[in-house]
Amino acid sequence: MASQEQLSAIKGAKVLMVGAGGIGCELLKTLALSGFQDIHIIDMDTIEVSNLNRQFLFRQSHVGQSKAKVARDAVLRVRPNISITPYHANVKESRFNVDFFKEFDVVLNGLDNLDARRHVNRLCLAADVPLVESGTTGFLGQVTVHLKGKTECYECQPKPAPKTYPVCTITSTPSKFVHCIVWAKDLLFAKLFGDKNLENDLNVHSNDAANSSEHSDVFEYRKDEDIEEYGRRIYDHVFGHNIEVALSNEETWKNRNKPRPIYSKDVLPEKLSEQNGNMEKGCVTDDVSAMASLGLKNPQDVWSLGENSRVFLEALRLFFLKREKEIGNLTFDKDDQLAVEFVTAAANIRASSFGIPLHSLFEAKGIAGNIVHAVATTNAIIAGLIVIEAIKVLIKDSNNYRMTYCLEHPSRKMLLMPVEPYEPNKSCYVCSETPLSLEVNTHRSKLRDFVEKIVKAKLGMNFPLIMQGASILYEVGEDLEEDMVAIYAANLEKVFFFYTSAQKKCDDCDLFLFTGLIRAAFSSY
Ligand SMILES: Nc1ncnc2c1ncn2[C@@H]1O[C@H](COP(=O)(O)OP(=O)(O)OP(=O)(O)O)[C@@H](O)[C@H]1O
Ligand SMILES: [Zn+2]
């Protein structure tokens, strides 16, 4: 039971929720049923069929509609007298600025990506509004509370980078299915359907130069070439020839199982086309599927090597036949059925070559898309914990704030692990005043390198303002004058020495970067 103090805090609170997905639906319902009366909700997405199994405010008939608006309507049906304001929008839009955030007593995140979380964290710090942050992955979840100056901010601790694998494991010595998936997705798929100008390590181990130049155009589709012939050439090159080349390096295989080269003629009949019965019929461009045209129905089946080889050739054929315009611009997307089919088949053929167990399309899709299947119960538990922390924030019960972790297996008979929040990290570049230092080669590095690689990519700033002393060197904004845009563009092309020498006539540079909270000091070499 809530105390009188809690009830009046709940009644008077103005709350902003960001995200109306798995956690967001649960959260909106729990807030409404707990007595909250003024809730604003931002979500940029529309409802997809795949959301319906756990985002229970949505029904089949809502597919394609705004999540924020449908969630509002659904909750108003059970609590008609409260106010819910939906925004079908990206939280990064400029209208959701510091002043907008200042209107709220607490912000609650139910997001699914780092970029948006960092953005909301920074706005909450700038507006000095408490943030309750959350996330779930399958059975795991956590809720954390962030108050400027009192607890650590969302970015005080570096976030673990997504898992990467050594290049040689991917290009030549895979030992797990995930290595084959990464190869199929990031190398083969990218090589065949992605940007041709990007570097690609696909042939990295065909080490003799003559050999690699001989094959330099092996991936090139020649005009009027028979598409099956082209597919078989790729197949034989990557699963046959490249494996033979790798085998020729005896050292590599001294302590490893040798892979087996696979050629298409060994696993498939000479000519396939006639056997793909219904492949021309009923193909809608958006819906092109090699599984459909080969009559493979169940995505949970593990295909044989022969079936994978057919899917490989058929998916490749369909890309060239039905989606030719996209070739050269494609990046792997877990929601692109044909791309998933191609990657599953390629990964399985490679796995077969290396003696690694094959996997179903369903499993391969999960691995390729880094998907951990969502668990509705975890989302519900996390949403409940968010509301508990939000109420503590509203009544300023700071001694009792908790970060709570939801575990997969009980630890000391507990499934929920509450921990006192940590103090702010004094050297956090987001919430502390500590300057960052950076060494740059002032003769070689341009302001553009700094802006693109450090400020935007590394520090995740979307609208940086870069100043030297009192003068602005660079800024981003929708309402900049044209001549300023031209000046900033020119500034980006100047090397740092241009600025440092003008300022101090020496190589030591003290360039300051202000973006609300961040200040960076530079030294040069
Ligand atoms: N920048 C953003 N602005 C507004 N809403 C965002 C932003 N980034 C993510 N979201 C929303 O956060 C929600 C996260 O929900 P959830 O993790 O359940 O993902 P989902 O997209 O609904 O499902 P899944 O990814 O599992 O298919 C989504 O509804 C998404 O639209
Ligand atoms: Zn911080």
Open item on the list: I'm told Leu436 meets every condition in (1) in contact with a strand residue (DSSP E or B) (Cβ under 8 Å, 6 or more places away or on another chain); (2) open to solvent by 40 Å² or more (accessible area, probe 1.4 Å); (3) more than 16 Å from ligand 2 (Cβ to nearest atom) except one. Can you identify the failing condition by its number?
Closed with: (3)
Open item on the list: List the residue pairs whose Cβ atoms are under 9 Å apart, where the first residue sits in segment 154-175 and is charged (D, E, K, R) and open to solvent by 80 Å² or more (accessible area, probe 1.4 Å), the second is within 16 Å of ligand 1 (Cβ to nearest atom) and assigned to a loop (DSSP other than H, G, I, E, B), and the two are 6 or more positions apart or on different chains.
Closed with: Lys163/Asn370
Task: Matching residues in segment 25-50 - criterion: being within 25 Å of the chain's Cα centre (by Cα) and open to solvent by less than 10 Å² (accessible area, probe 1.4 Å) - done: Cys25, Leu27, Leu28, Ile41, Ile42, Ile47
TODO: Say whether the condition of being among the small types (Gly, Ala, Ser), open to solvent by less than 20 Å² (accessible area, probe 1.4 Å), modelled with pLDDT of 95 or more and more than 16 Å from ligand 2 (Cβ to nearest atom) is met by at least one residue in segment 116-136.
DONE: yes
TODO: Could you please find all residues in segment 79-100 being within 11 Å of ligand 1 (Cβ to nearest atom) and within 18 Å of Asp128 (Cα to Cα)?
DONE: Val91, Lys92, Phe96
Task: Sole residue being modelled with pLDDT of 95 or more and more than 8 Å from ligand 1 (Cβ to nearest atom), chosen from Leu33, Leu52 - done: Leu33
Task: Pairs with Cβ under 6 Å, 6+ apart, first in segment 64-82 and open to solvent by less than 10 Å² (accessible area, probe 1.4 Å), second acidic (Asp, Glu) - done: Ala68/Asp43
Task: Count of segment 466-491 residues which are open to solvent by 60 Å² or more (accessible area, probe 1.4 Å) and β-branched (Val, Ile, Thr) - done: 3
Open item on the list: Return the residues of segment 356-366 that are under 19 Å from the mean Cα position of the chain (by Cα) and either more than 14 Å from Ala345 (Cβ to Cβ) or open to solvent by less than 30 Å² (accessible area, probe 1.4 Å) (or both); say none if nothing qualifies.
Closed with: Ala364, Gly366
Open item on the list: Let me spell it out: the conditions are (1) under 26 Å from Leu321 (Cα atoms); (2) in a loop (DSSP other than H, G, I, E, B); (3) open to solvent by 20 Å² or more (accessible area, probe 1.4 Å), and Asp266 meets all of them except one. Which number is the exception?
Closed with: (2)
- [ ] For segment 439-465, name all the residues that are open to solvent by 80 Å² or more (accessible area, probe 1.4 Å) and over 31 Å from the mean Cα position of the chain (by Cα).
- [x] His443, Arg444
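The values are calculated or read from the model by the stated rules, or taken from the named source; none is laboratory data. This one's a predicted model, so the numbers in the text were calculated from it and none came from an experiment. In this analysis, Cβ positions are derived from the backbone assuming ideal geometry, glycine residues included, and neighbour counts consider all displayed protein chains. For the accessible areas, the whole protein counts, side chains as well, though only heavy atoms, and no ligand, DNA or RNA atoms are used. Shrake-Rupley method; radii C 1.70, N 1.55, O 1.52, S 1.80 Å.
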